[in-house]
Amino acid sequence: MEFSISATSRAPRGAEKHGVDYYYLTPEEFRQKVDNQEFLEYEEVYQNCYYGTLRSEVERITAQGKNIVFDVDVVGGLNIKKEFGDQALALFIAPPSIDELHKRLVSRGTDSAEMIEKRIGKAEFEMSFASKFDIVVVNDNLELAKAEAERSIREFLKK
């Protein structure tokens, strides 16, 4: 298994690196790739702030004979599930509560107060999609959530 590296038009945070954490593109580069149909899925999450999965990334990983793990927002996840159907497992990772998510984002110290509020609003919206996923894992204890996600993935891969 290998994580798919998403593309984004936002600036790197902290020590994030191009081609490792994300493929960093300008909004213009991102829109050009959209026009060229180079994305499996994408979304403009905030104005001029895009996230998406490049088809070339899917091809890179599958050419190695590996299964792909996508870390995408709910719209992207549902679009990938629609594209691949039963060949994909849609796993929704939920925070224990919006209050806890807010505390976690503040304690990271990587976003402005304004961005944290935008992210909280987005999270509230995304949580309304949880029931459309195959499995929901609540991340109230990181080790238990990781174990549950891993168990679900292993069971899916046995099919």
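Nothing in this text is a laboratory measurement; each read-out follows from the coordinates by a stated rule. No experiment lies behind these values; they were computed from the predicted model shown. Every residue, glycine among them, receives a Cβ derived from its backbone with ideal geometry; neighbour counts consider all protein chains shown.
Laid out as a table, the results:
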read-out: Alpha-carbon centroid distance for the pair the stretch 14-91 / the stretch 116-133, whole angstrom; value: 19 Å
read-out: Two-site label geometry, S107 and N67: point separation in nm, points 7 Å out along Cα→Cβ; value: 3.1 nm
read-out: Length-normalised contact order for the stretch 89-159 - Cα pairs under 8 Å, 6+ apart - percent; value: 47 percent
read-out: Kirkwood hydrodynamic radius of the stretch 1-71, from inverse mean 1/r over distinct Cα pairs, in Å; value: 12.4 Å
read-out: Proxy reagent accessibility, fewest Cβ within 10 Å first, across L142, L54, L78; value: L142, L78, L54
read-out: Whole-number Å³ per residue for the convex hull built on Cα positions in the chain; value: 125 Å³
read-out: Protection proxy ranking, peptides 5-12, 56-63, average beta carbon neighbours within 10 Å, highest first; value: 5-12, 56-63
